[in-house]
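Visitor: Right, I'll just put the structure down here and ask away after.
The values are calculated or read from the model by the stated rules, or taken from the named source; none is laboratory data. Since this is a predicted model, take the numbers as computed values, not measurements. Don't worry about glycine lacking a Cβ; one is built from the backbone with ideal geometry, like all the others, and counts go over all protein chains shown.
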Amino acid sequence: MSGTDHPALFSRHVATDKPHWINGPPAGLQPQVPFDCRFRFQHNFPLVNCHTVLMVDGGLEVELDEPERGIAVGQYAVFYVGDVCLGSASITRVGPTEYQLQRTDANQHAAVEIMSRH
């Protein structure tokens with residue numbers, strides 16, 4: 001597959017630096033405990049449901065319900081509950097991509113198949 005729909009362009013995992021919360025950290029956001037909210041990284045993109053975890057360093061680990069195309073380090077992750085903006089944080093890491101996950105799954109499947117022959 002090539003072009004704009006290649007799985008290497010899509011990811012559902014990002015990490016951020018310490019977020020700036022508009023009205024303080026949202027209720028329910030606790031270290032190492034998943035917090036459900038919505039995510040956007042470009043103003044004209046639809047909101048996507050996500051699960052965030054507040055890390056010890058104050059940054060966030062974010063898992064999106066659906067992979068998004070074109071997320072890049074340095075862009076801003078913006079978080080919402082409903083349509084209310086909670087705040088934002090700079091994206092510091094993206095991935096693995098859907099392509100990397102497919103390759104890992106394929107390699108694991110091949111290893112299991114080889115092992116089952118012996």
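Visitor: Among the residues of region 1-48 satisfying the criterion of being among the aromatic types (Phe, Trp, Tyr) and in a strand (DSSP E or B), which is farthest from GLU66 (Cα to Cα)? Spell out how you get there, then give the answer.
Guide: From region 1-48, those among the aromatic types (Phe, Trp, Tyr) are 10, 21, 35, 39, 41, 45; that's our starting set.
So of that shortlist, the ones also in a strand (DSSP E or B) come out as 10, 21, 35, 39.
Details: PHE10: 9, TRP21: 24, PHE35: 16, PHE39: 11 Å.
Among those residues, the one meeting the criterion is TRP21.
Visitor: I'd like to know if region 8-21 contains one or more residues that are closer than 18 Å to GLN100 by Cα and aromatic (Phe, Trp, Tyr).
Guide: yes
Visitor: Scan (1) closer than 28 Å to ASP5 by Cβ; (2) touching a Pro at 6+ places or on another chain (Cβ under 8 Å); (3) at pLDDT 90 or above; (4) not acidic (Asp, Glu) for the single condition ILE91 breaks and write down its number.
Guide: Of everything listed in (1) closer than 28 Å to ASP5 by Cβ; (2) touching a Pro at 6+ places or on another chain (Cβ under 8 Å); (3) at pLDDT 90 or above; (4) not acidic (Asp, Glu), ILE91 misses just condition (2).
Visitor: Quick one: ASN49 ticks every box in (1) touching a strand residue (DSSP E or B) at 6+ places or on another chain (Cβ under 7 Å); (2) buried (at least 16 other Cβ atoms within 10 Å of the Cβ) bar one, so which box is it?
Guide: (2)
Visitor: Pull out all pairs, ordered by first then second residue, where Cβ-Cβ is under 7 Å, the residues are six or more apart or on different chains, the first lies in region 65-88 and is more than 15 Å from PRO19 (Cα to Cα), and the second is of a type in the set (S, T, N, Q).
Guide: Hits for this filter: ASP65/ASN49; PRO67/SER11; GLU68/SER11; ILE71/SER11.
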